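Read through the structure below, which is laid out as structure tokens, and then see the notes.
The values are calculated or read from the model by the stated rules, or taken from the named source; none is laboratory data. Here the structure is a predicted model, which means the values were calculated and not measured. Glycine also receives a Cβ, built like all others from the backbone with ideal geometry; neighbour counts cover every protein chain displayed. The area values use the complete protein model at the heavy-atom level, side chains included, leaving out ligands, DNA and RNA. Shrake-Rupley method; radii C 1.70, N 1.55, O 1.52, S 1.80 Å.
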Amino acid sequence: MAGDAMNLAAGEADEQALHEFAGKWRARWPEWAVAEVFVPRAERATALAWAALQQELTDAAWGGSDAAPGEAKLGWWMEELQGWTQGRRRHPLGLALQRRPAPWAALAAALPGLRDSRERPGDRNEAYDGLRPLAEAVAAVDAALFELVPGQLPVAAVPAIQAALLEARLLLQGDAAVPLSLVARTLARPGEGAAAEWGRELLAQWPHGGGATVPRRLWTALARTRLQRGDAARPLSPWAALLAAWRGARN
């Protein structure tokens, strides 16, 4: 009986921790309360946990002024994701994700590239190319977790994921996310600043397709619309979020 009670308490603690990690993502993307209505109800918990996991990874890569804690966290996540393929889990997000037959080992293998991306890219091509392995792994997980949009293949989502990752980095790092070549140009002709200029360049290069699954299309649409409004970190109004999500879901 005592063992059963301890297991129950541990399970409840894990459930609470899972909700807390999901809540961190919702706090950054409150628009999801509107946008998630376009996701089939049976997929919403998975979509939320997967979004929260991606945020954990990108925060580790690009958050904070000291790279060392994030590097250590990404190393831990490499081991954790590899363990998921072997039926083991430690992180609460694994409650919602670990048993899903997704390519977690491939995602783990892409994390060294994410770790190395903390260094400021030299130019736009380097910014995109450095994130391509991660974007490919993320697209493969998307395809495994959710029903694909008819006519779409996972590889078609890669450019959209790269763009959204760069928006996430801009949200976290501001001017520090801007490629060196663009910094040099903005110094030569002062204006709104390097971050605003990079945001406009990301928009100009934004791919037409939003992704191969409905959740990916919604996340991409919200990120793009924030950039269109001029601030990667500023949440959209409910009406703007609804319109962006509707367009993302149907395209």
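The charge dipole of the chain, taken about its Cα centre with unit charges on the Cβ atoms of Lys, Arg (+1), Asp and Glu (-1) only, comes to about 640 debye. Can you tell me the orientation of helix 67-84 relative to the chain, as the angle in degrees between its alpha-carbon axis and the longest Cα principal axis, to the nearest 10? Taking Cα atoms only, the helix is inclined about 50 degrees. Normalised by the number of residues in the chain, the mean separation of alpha-carbon contacts (under 8 Å, six or more apart) gives a relative contact order of 20 percent.
Could you calculate the contour length gain from Leu187 to Ala106, that is, 0.36 nm times the residue separation minus the distance between their Cα atoms, to one decimal place in nm? Present the calculation step by step, with values, prior to reporting the outcome.
Details: separation 81, 0.36 × 81 = 29.16 nm, distance 3.99 nm.
Computed gain between Leu187 and Ala106 is 25.2 nm.
Is the shape of segment 33-84 best called rounded, prolate or oblate, per the rule: a/c under 1.5 gives rounded, else a/b larger than b/c gives prolate, else oblate, with a ≥ b ≥ c the square roots of the Cα gyration tensor eigenvalues? Because a/c hits 1.5 or more and a/b fails to exceed b/c, segment 33-84 counts as oblate.
Rolling a 1.4 Å probe over the heavy atoms of the protein chains gives segment 73-219 an accessible area of 45 Å² per residue.
Computed from Cα positions, the angle between helix 158-173 and the longest principal axis of the chain comes to roughly 80 degrees.
Per-residue ellipticity at 222 nm computed for the chain from its helices equals -21500 deg cm²/dmol, with DSSP H segments shorter than 4 residues left out and the rest contributing -39,500 (n - 2.57).
Tell me, how many Å apart are the Cα centres for segment 151-171 and for segment 104-140? Segment 151-171 and segment 104-140 have Cα centres separated by 11 Å. Could you tell me the relative contact order of segment 147-204? Use alpha-carbon pairs under 8 Å, at least six residues apart, and round to a whole percent. Relative contact order, segment 147-204: 31 percent. Classify segment 1-138: rounded, prolate or oblate, from the alpha-carbon gyration tensor (a ≥ b ≥ c, eigenvalue square roots; a/c under 1.5 rounded; otherwise prolate if a/b is larger than b/c)? It comes out prolate by the Cα gyration axes. Multiplying the residue separation of Gln205 and Ser237 by 0.36 nm and subtracting their alpha-carbon distance yields 9.1 nm.
Express in nm, to one decimal, how much length is gained between Asp129 and Arg99 on full extension, taking 0.36 nm for each residue of separation and deducting their alpha carbon distance.
7.7 nm
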